[in-house]
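The values are calculated or read from the model by the stated rules, or taken from the named source; none is laboratory data. As the structure is a prediction and not an experimental result, all values here were calculated from the model. All Cβ positions, even for glycine, are placed from backbone atoms using ideal geometry, and neighbour counts span all protein chains on display. The area values use the complete protein model at the heavy-atom level, side chains included, leaving out ligands, DNA and RNA. Shrake-Rupley method; radii C 1.70, N 1.55, O 1.52, S 1.80 Å.
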Number of protein chains: 4
Amino acid sequence: MNVSSLSLKLSAILVFFLFFISLPNLSFTQQTYRFQPTKYYFTYDGKHEPVLKLKPGDTLITTTLDAFGNKVTRKDQRASELVHLPEVNHQTGPFYVEGAEPGDTLVLQLIKVRPNRDHAVSTHLPNFGVLTGETYTAMLTDPLPERTYIWKMDLDRNIATLDLPASKISQVEIPLHPFLGTVGVAPAFGEAVMSLTPAEHGGNMDCVETKTGTTLYFPVFAKGALFMLGDGHAAQGDGEICGTGLECPLEVTVKVDVIKGKGINWPRFENDKYIMVAASTRPLIDAFRSAHVELINWLVSDYGFDRWDALQLVSQVGVTRVGNVVDPKYTVVAKFPKKYLPTKK
Amino acid sequence: MNVSSLSLKLSAILVFFLFFISLPNLSFTQQTYRFQPTKYYFTYDGKHEPVLKLKPGDTLITTTLDAFGNKVTRKDQRASELVHLPEVNHQTGPFYVEGAEPGDTLVLQLIKVRPNRDHAVSTHLPNFGVLTGETYTAMLTDPLPERTYIWKMDLDRNIATLDLPASKISQVEIPLHPFLGTVGVAPAFGEAVMSLTPAEHGGNMDCVETKTGTTLYFPVFAKGALFMLGDGHAAQGDGEICGTGLECPLEVTVKVDVIKGKGINWPRFENDKYIMVAASTRPLIDAFRSAHVELINWLVSDYGFDRWDALQLVSQVGVTRVGNVVDPKYTVVAKFPKKYLPTKK
Amino acid sequence: MNVSSLSLKLSAILVFFLFFISLPNLSFTQQTYRFQPTKYYFTYDGKHEPVLKLKPGDTLITTTLDAFGNKVTRKDQRASELVHLPEVNHQTGPFYVEGAEPGDTLVLQLIKVRPNRDHAVSTHLPNFGVLTGETYTAMLTDPLPERTYIWKMDLDRNIATLDLPASKISQVEIPLHPFLGTVGVAPAFGEAVMSLTPAEHGGNMDCVETKTGTTLYFPVFAKGALFMLGDGHAAQGDGEICGTGLECPLEVTVKVDVIKGKGINWPRFENDKYIMVAASTRPLIDAFRSAHVELINWLVSDYGFDRWDALQLVSQVGVTRVGNVVDPKYTVVAKFPKKYLPTKK
Amino acid sequence: MNVSSLSLKLSAILVFFLFFISLPNLSFTQQTYRFQPTKYYFTYDGKHEPVLKLKPGDTLITTTLDAFGNKVTRKDQRASELVHLPEVNHQTGPFYVEGAEPGDTLVLQLIKVRPNRDHAVSTHLPNFGVLTGETYTAMLTDPLPERTYIWKMDLDRNIATLDLPASKISQVEIPLHPFLGTVGVAPAFGEAVMSLTPAEHGGNMDCVETKTGTTLYFPVFAKGALFMLGDGHAAQGDGEICGTGLECPLEVTVKVDVIKGKGINWPRFENDKYIMVAASTRPLIDAFRSAHVELINWLVSDYGFDRWDALQLVSQVGVTRVGNVVDPKYTVVAKFPKKYLPTKK
């Protein structure tokens, strides 16, 4: 046996050894997955087969269709003719997150939420929206006239423009703030929920906070959490009163994580300025109540506030954002400025 | 050939003939099935395997557990300790009805709804009910104290009695009017709905009209309709304000039928005096609106009323019953007296 | 001293004596007053001059105009052209009741509530009613078409008939159950409330219970209570969904009384079968809550029920009547059967 | 005659001349009035005697007490003991504005809204607030514990500090944004409205927009408009969820004007960035609807927008602020960014 032979053998042993010690590391290496959806779901449902398994720490890059499955792109098209329930809000996913069990919290860090089309669509659908009779606020009145608006988008300038020939101002230009209209996990109690409806599991919250730079927390109700996302909005006003925002397909980059053993009641968000709770139900006042009670409980349990001090502070510095008032459940976001938080315990 | 031989031959031919013409009848003979459940469901879900297939015209005799799975039977027991979501309102079924397709109407004629236990249970559960903070009407207040009441029932006399030692009146005796708290079909749009929640598919309407002698109509959303039933109440006041009625297991006899090609939006009922619509949503006023719009539409489409005449008549002779105001959706029943109907067209 | 002088003195003494013995009688004699109104009020307001002073025990016989001031009597008339806010629900009164002070309860025993015209009017007014956008449930939808219906009444037969030429059934005949749409006292806290609006002081409750044979209890907020009444309905369905009942002028006989030192929060009613509370607010669920909490408190304070027993009993035998869901505040009546009451303490 | 003499004479003539030509001007000169209130009102009521008459263009400098009449100033005091309905929200005024007639719009330009005390008070009152049972959302639950918080204010630094010894963070410092909790005019239809209640006339809107730099527009319902103001808040979060803001007395400078012949349905505001509508009613969703319908109507009538274009734009760039969800009516502010407005026609 010569040295080189020994060297070779030692090298082989070393490689073998390194290979083995690296195994656990490898298996926990934070990886980035690109997923191109080929089919879409219209319900959040723990029985759906996951399309991809992720580990805590992994990053997912994927795409979504717009709320109408990208079918409406011209002013002369009618969403009411091209799109039929439940086939709205096409969801990409579900994604299984290893280690996520009922009673845990799923963490989705939104690294990028960006339109990948040069125009967005907004429609006034008959019997949908808050200023008309609709499915539940049933009326005997005639529906409003259907309209389709095409907003041109310049993603480099981060703006959208709309022509308004019937109005005195013939064009408006607005800044974009793209966000996920719909994002959430498999619901609790074996329920399956349409992608039109928000609830405790998230879903179609249509709230402007689920955008680049925000971290989302969801209660985990099913093994693997099974999160999905879709229904991109390039911009939207509070309440989404006509029933749609600037509907557009998205490219989304999201990093996943799991907080073990921590249960929450409603989706929570966090950005550099606020901690937030998004609660969804009807009537609106109960979405307001649910969001604020969860926010106060959060301040008490995680930040060491006395319960009544938390009520006092939220009363004086709390910010309320109305997400949507048009979906089967309405969404209210209760926000608390992080500058008034102590260092987290 | 003698007469008897001829007679024999003719008889044979006749028998043969009768056999053949009876064939199609045979296959549609109205049969009675007894079904003894061995497992129960806690969601209405088109994905559940049916436990039995019925044909239009068949009669089903079956039994149900009470809302707590018959686990609470003593005053010193606490439902909050013995029963946990979603395992309330155990459902018997689902039953598949041949020929029922989405867009049809399922008919359930309630021939008998009768308690099969000598006592009923009613509880005041923490954070459940309309006069306390609850899941959606979230409050910072403390829950009401939990209470368990055992009502003794005499089914021959059709009465229930309750001892009230803490009150000036030490006992009350009330008449029974047993009904199905929960009855419905698989929901629309691929959704699965907890047996605690009523909606377009029926479910936990907790309304006093679903009792012996009433015919129920449900929209069919899934092939076979997949109806289920449970959550018997021996009696209940309007609104079920504490959250429970006189909870008891039932023996139920129901005859099924299908109306092909007739779609309805909400469960409808009919007894000898009223046609009725039961709509379920929050807020209460929208359940009220939905029930009354469906009732007016029914009067127009099936009974030849002018739309505004129907509005006028319902305004003057309509009767409103509040089903429940405690479940995740509230139920309102809009009733129209049959004596003001023309002969059905 | 001569005889005439003595006679004069005796006469003087006698007069003096008679004056004194008559004092208590005079002041407590139950008298019957007929009052024919010559002007009408459109607000409940403690600042209005009373038109008549009554004593506890007195009986008042008076008349009221219909909701439109008797101006709409033909099918081709439009209430929206003839009647303008606030001049609807013309009120007869206010009547001052001696001894009634804030913190007391006014008792109005309705001895007779009877239409005094041979027809009643019902209209579908634009942007009024529960199945259309209206002042507060503001919508962008077009209003429903206005309609005026004239119901012929036969007071001897106690029925009303309506021709419906546009419908398959060309005429309906319904029984009358005449009631005061509007009755109440001067409001609390110096407020003045339109006669279109119900609240804690009663007012435009539009609930079917304020009819012959019912005793009404109102909280007294102003010295003399200052009750008023009007807005007769010969019949009405639950909710008054189109916005009007069978509007008609009335002849009313009411006996007044005062319960000193007993304060109540909402109008209460009592007939031979039920004790009742009528609460008015929006949303509907809060009118429901307010009525039932007051009913439970009543059972506890006046009838010796344990608080949770009262909740349990109302949950099982309570009856809910929806008064109106069209006025600026909605009215719910919570009813408890008197047969389950102990002898009043 | 020397030059100086001539100069003197010319000066005299000039002064004389200027005096005469200024006479008519003088009578319309915009004047500044200082008004020190000596009594306060607790209702908005067209029957109140005005305390001062102003002309369009005049400026008023006055002061207000805090919501509790300045009676609560220490942490150990209980507002529920010191303050009783209706004596909350002491109003300064009413001020009569010459030329203001029903159907006009009153303009109040808020030049200064500034606390004039070195501390503010916030309380958690029993059965008041949105996260507890209260007067209308009646519950059987126990009230929350009463608390009094004293915020120290440094008006030069524009901040308030609160000690929170029971919490992990022992002190917070927040910026002030002082505003009028209550401001409005005499109500319509002869009604009188408690200073606790907001409505079409303004009143207790408790919305953060009525601050320095904002111009307020109110519908005029009574001759002279009869505006009042009070209930200063040095800061407040959205919804005022505990029932109070940083309650403090104010010094207020307001310039008045009248727009003749322009009627509006709800109070409107305008600052450098937004036009706004504040609608007040229950339920919350109807305050939302009313505010947004009025905003859309405003865009159409004053800014030349097509009705459906206005709906589309408000849907995409509208901002919603929840004023209060604790008063007898809730307030929602619908805001539209002025940068999307054409030049006003």
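Table for the structure above
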| item | result |
| --- | --- |
| Pick from the stretch D:76-98, criterion over 29 Å from D:Thr212 (Cβ atoms) and in contact (Cβ under 8 Å) with a residue 12 or more places away in the chain, ranking: surrounded by the fewest Cβ atoms within 10 Å (Cβ to Cβ) | D:Asp76 |
| Checking B:Ile159 against (1) in contact (Cβ under 8 Å) with a residue 24 or more places away in the chain; (2) more than 30 Å from D:Gly243 (Cβ to Cβ), the condition it does not meet | (1) |
| Residue identified as more than 12 Å from B:Cys242 (Cα to Cα) and at the interface with another protein chain (Cβ under 7 Å from one of its Cβ atoms) among C:Thr320, C:Thr343 | C:Thr320 |
| Wholly within the stretch C:31-81, strands (runs of 3 or more DSSP E) carrying at least 1 residues that are under 19 Å from the mean Cα position of the chain (by Cα), modelled with pLDDT of 95 or more and closer than 23 Å to D:Ala188 by Cα | C:43-45 |
| Residue list for the stretch D:305-319, filter: touching a residue at least 24 places away in the same chain (Cβ under 8 Å) and surrounded by fewer than 23 Cβ atoms within 10 Å (Cβ to Cβ) | D:Val319 |
| Matching residues, the stretch B:305-345, being more than 30 Å from D:Thr137 (Cβ to Cβ), part of a helix (DSSP H, G or I) and of a type in the set (A, V, I, L, M, F, W, C) | B:Trp308, B:Ala310, B:Leu311, B:Leu313, B:Val317 |
| Members of the stretch A:116-130 that are of a type in the set (A, V, I, L, M, F, W, C) and surrounded by fewer than 24 Cβ atoms within 10 Å (Cβ to Cβ) | A:Leu125, A:Phe128 |
| Restricting the stretch B:116-130 to residues that are more than 13 Å from chain D (Cβ to nearest Cβ) and in a loop (DSSP other than H, G, I, E, B), the residue that is nearest to B:Gln77 (Cα to Cα) | B:Leu125 |
| So D:Ala225, is it closer than 26 Å to D:Val51 by Cα, within 14 Å of another protein chain (Cβ to nearest Cβ) and assigned to a loop (DSSP other than H, G, I, E, B) | no |
| Filter pass, A:Glu101 being of a type in the set (Asp, Glu) and either surrounded by 16 or more Cβ atoms within 10 Å (Cβ to Cβ) or within 14 Å of another protein chain (Cβ to nearest Cβ) (or both) | no |
| Members of the stretch C:125-175 found to be among the small types (Gly, Ala, Ser), in contact with a strand residue (DSSP E or B) (Cβ under 7 Å, 6 or more places away or on another chain) and modelled with pLDDT of 95 or more, listed by number | C:Ala160 |
| Residue check, C:Pro187 within 12 Å of the chain's Cα centre (by Cα), of a type outside the set (Asp, Glu) and open to solvent by 10 Å² or more (accessible area, probe 1.4 Å) | no |
| Residue count, the stretch B:106-115 (criterion: over 30 Å from B:Thr73 (Cα atoms) and surrounded by fewer than 21 Cβ atoms within 10 Å (Cβ to Cβ)) | 1 |
| Total residues in the stretch B:321-345, condition crowded, with 24+ Cβ neighbours inside 10 Å and polar (S, T, N, Q) | 2 |
| Residue check for D:Glu200: among the charged types (D, E, K, R), buried (at least 22 other Cβ atoms within 10 Å of the Cβ), farther than 30 Å from B:Pro143 by Cβ and touching a Ser or Thr at 6+ places or on another chain (Cβ under 7 Å) | no |
| Subset of the stretch D:131-165 [among the β-branched types (Val, Ile, Thr), open to solvent by less than 10 Å² (accessible area, probe 1.4 Å) and at the interface with chain B (Cβ under 9 Å from one of its Cβ atoms)] | D:Thr132, D:Thr137 |
| Leading residue by the ranking (farthest from C:Ile61 (Cα to Cα)) among those in the stretch C:98-114 that are among the charged types (D, E, K, R) and in a strand (DSSP E or B) | C:Arg114 |
| Positions within the stretch D:138-183 being in a strand (DSSP E or B) and either in contact with a Lys or Arg (Cβ under 8 Å, 6 or more places away or on another chain) or of a type in the set (S, T, N, Q) (or both), in sequence order | D:Thr148, D:Tyr149, D:Ile150, D:Met153, D:Ala160, D:Thr161, D:Leu162, D:Gln171, D:Phe179, D:Leu180, D:Thr182 |
